[in-house]
Amino acid sequence: MDFKEVKELIETINASDIAFFEIVNENCHIKMDKSLNREIASTAISEEKPVVVNTTKTTISEPSANITSERKVEKVIEKEVEDDNLVVINSPMVGTYYGGLSPDSPSFVKDGDNINVGDTLCIIEAMKLMNEIESEVNGIIRKILVKDGDMVEYGQPLFKIKEA
């Protein structure tokens, strides 16, 4: 495969709904995975660095469309500010999410519960092993983002916690 063919292949896969793609032949091995949620923790930055933000403003000629766009932007900004005050607990592995020990038992936590460091939040089953996921912070559960029995990916957000 030459560069042009590889570029066309990447563009085709990116434009599709395919989450994972792999091709192997005698000349090359290409693997694309769009399914992983790659987040970078802001706490990993040891020093503050200047941030350059490029902004553009699009003007719409219809006044009613402009008002609608401004309302949507305001809602998004409010949601981002609200989410900035929360700690997100992400899945450390791929597996099946369970909120309790069994379907009949109560969940380890529910919205509004106070939690401490080390409290069990859920279980993730991976390769027939039950892995307890423990809290890394003290706080209050604000939102459980997955349902019992859901498949979860590595790095997928599971809980939003307001740190105490």
Original post:
Are any residues in the range 85-118 in a loop (DSSP other than H, G, I, E, B) and in contact (Cβ under 8 Å) with a residue 24 or more places away in the chain, and if so, which ones?
Top reply: ASN85, SER91, PRO92, MET93, VAL94, GLY99, PRO103, VAL109, LYS110, ASP111, GLY112, ASP113
**OP:** Would you point out which residue out of SER102, SER135 is among the polar types (S, T, N, Q), modelled with pLDDT under 95 and surrounded by fewer than 18 Cβ atoms within 10 Å (Cβ to Cβ)?
**Re:** SER102
**OP:** Quick one: count up the residues across the range 151-164 that are farther than 13 Å from GLY112 by Cβ and not in a loop (DSSP other than H, G, I, E, B).
**Re:** 5
**OP:** Output the residues belonging to the range 126-141 that are within 19 Å of the chain's Cα centre (by Cα), acidic (Asp, Glu) and closer than 20 Å to THR96 by Cβ.
**Re:** GLU134
Original post:
In the range 119-150, what residues are part of a loop (DSSP other than H, G, I, E, B), in contact (Cβ under 8 Å) with a residue 12 or more places away in the chain and of a type in the set (Lys, Arg)?
Top reply: LYS147
Original post:
So GLU153 clears everything in (1) under 14 Å from GLY100 (Cα atoms); (2) under 17 Å from the mean Cα position of the chain (by Cα) except one condition, right? Which one?
Top reply: (1)
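The values are calculated or read from the model by the stated rules, or taken from the named source; none is laboratory data. Just so you know, these numbers come straight off a predicted model, no measurement behind them. So basically every Cβ, Gly included, is an ideal-geometry build from the backbone, and we count neighbours across all protein chains shown.
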